[in-house]
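The values are calculated or read from the model by the stated rules, or taken from the named source; none is laboratory data. Computed from a prediction, not measured in an experiment: that's the story for all the values here. Note that each Cβ is placed from the backbone with ideal geometry, even for glycine, and that neighbours are counted across all protein chains shown.
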Amino acid sequence: MSDALILLGPPGSGKGTQAVLLAERLGIPHISTGDILREQVAAGTELGRRVQAIMSAGQLVPDELVNAIVEERLGRPDCAGGCILDGYPRTIGQAEQLAGVLARRGLHPVIVNLAVDYNVIVARITARRQCPACGASYNLITNPPREDERCDRDGTPLVARQDDSEQVVRQRLEAYERQTLPLVEYYRRAGAVFHDVPGDEGSPEEIARRILKLLGKE
Ligand code: ADP
């Protein structure tokens, strides 16, 4: 049975960064509901139009929309050997739906819970920048571009994600506390394989190594 690695943790805890590193090391797909939703918004699809305002307010989009996205994605052949879920599930309803989908697909849930202090989170997220041309990510504090707020690869001026302003970050943290934090208890109670990992001790590569070790994949 292959593992579905579920990354839990508040926004800005480094789930996306870890998902990229782990997907590369483990050779399995990285599924980010945030990225998929942002692609829909950018493409101006019907789904994108429905979720745009919700996302820029830092709130969660309705369960049935993300559930459908993830169920379709997990049904593709590249997930048969395992996958990494980043930003999903985010509510008990999503976790319940996911449990059924994973069981049908023969995937075994393994939880990695990234813990990071909220003050660190706000500082991290508000310093986050992205290249609108190639998608490269930067952080003005921890991973700054060589030239002032321009992409190292193509020189494009960097931008912040619309929902990365301090005010919206606070809203996202509140959504996390109210809707997503209960998942920690949910998975512990369900007896799932569960690993707690500090998300602010060491470089992203060091944290990834620690996770791989816990998974017995080092
Ligand atoms: P972060 O983890 O940094 O908050 P994401 O890229 O995972 O960022 O998510 C950005 C936004 O996309 C969320 O604030 C929310 O509006 C929406 N979103 C992503 N995943 C989900 C999900 N599983 N359920 C509901 N909304 C989601």
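Among the listed residues A42, A19, A23, which satisfies the condition of being assigned to a helix (DSSP H, G or I) and buried (at least 23 other Cβ atoms within 10 Å of the Cβ)? Within the list A42, A19, A23, the selection yields A19. With respect to (1) more than 10 Å from the ligand (Cβ to nearest atom); (2) surrounded by 14 or more Cβ atoms within 10 Å (Cβ to Cβ); (3) within 17 Å of L215 (Cβ to Cβ), the lone exception for Q97 is condition (3).
Okay, residues lined up against (1) among the polar types (S, T, N, Q); (2) surrounded by fewer than 15 Cβ atoms within 10 Å (Cβ to Cβ); (3) without any contact (Cβ under 8 Å) to a residue 24 or more places away in the chain:
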position: R161; (1), (2), (3): no, no, no
position: D164; (1), (2), (3): no, no, no
position: R172; (1), (2), (3): no, no, no
position: R178; (1), (2), (3): no, yes, yes
position: P182; (1), (2), (3): no, yes, no
position: Y187; (1), (2), (3): no, no, no
position: H195; (1), (2), (3): no, no, no
position: P198; (1), (2), (3): no, yes, no
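Picking from residues in region 57-72 that are in a helix (DSSP H, G or I) and surrounded by 15 or more Cβ atoms within 10 Å (Cβ to Cβ), the one that is nearest to the ligand (Cβ to nearest atom) is V66. For region 173-204, give me each residue that is within 21 Å of I141 (Cβ to Cβ), within 14 Å of the ligand (Cβ to nearest atom) and in contact with a Leu (Cβ under 9 Å, 6 or more places away or on another chain). Residue satisfying the conditions is G199 alone.
Grab the strands (runs of 3 or more DSSP E) fully contained in region 89-157, keeping just those with 2 or more residues being among the aliphatic types (A, V, I, L, M) and touching a helix residue (DSSP H, G or I) at 6+ places or on another chain (Cβ under 9 Å).
Working: elements: 107-115, 128-130, 137-139.
In region 89-157, the matching strands (runs of 3 or more DSSP E) lie at 107-115.
The condition of being at pLDDT below 95, assigned to a helix (DSSP H, G or I) and within 16 Å of the ligand (Cβ to nearest atom) holds for V169.
Of the residues in region 30-37, not one is surrounded by fewer than 20 Cβ atoms within 10 Å (Cβ to Cβ), more than 8 Å from the ligand (Cβ to nearest atom) and acidic (D, E).
Hey, could you check region 73-88 for residues that are away from the ligand (no atom under 14 Å from the Cβ) and either in a helix (DSSP H, G or I) or touching a residue at least 60 places away in the same chain (Cβ under 8 Å) (or both) and say which is surrounded by the most Cβ atoms within 10 Å (Cβ to Cβ)? So that I can check it myself, show each step before the final result.
Within region 73-88, the subset away from the ligand (no atom under 14 Å from the Cβ) is 75-83.
Add one more test, that the residue is either in a helix (DSSP H, G or I) or touching a residue at least 60 places away in the same chain (Cβ under 8 Å) (or both), and what stays is 77-83.
On the way: P77: 6, D78: 11, C79: 18, A80: 14, G81: 13, G82: 19, C83: 27.
It comes out as C83.
Just one of (1) surrounded by 16 or more Cβ atoms within 10 Å (Cβ to Cβ); (2) farther than 25 Å from A208 by Cα; (3) within 15 Å of the ligand (Cβ to nearest atom) fails for L114. It is (2).
Of L8, L21, which residue is more than 9 Å from the ligand (Cβ to nearest atom), more than 23 Å from Y186 (Cβ to Cβ) and in contact (Cβ under 8 Å) with a residue 40 or more places away in the chain?
L21
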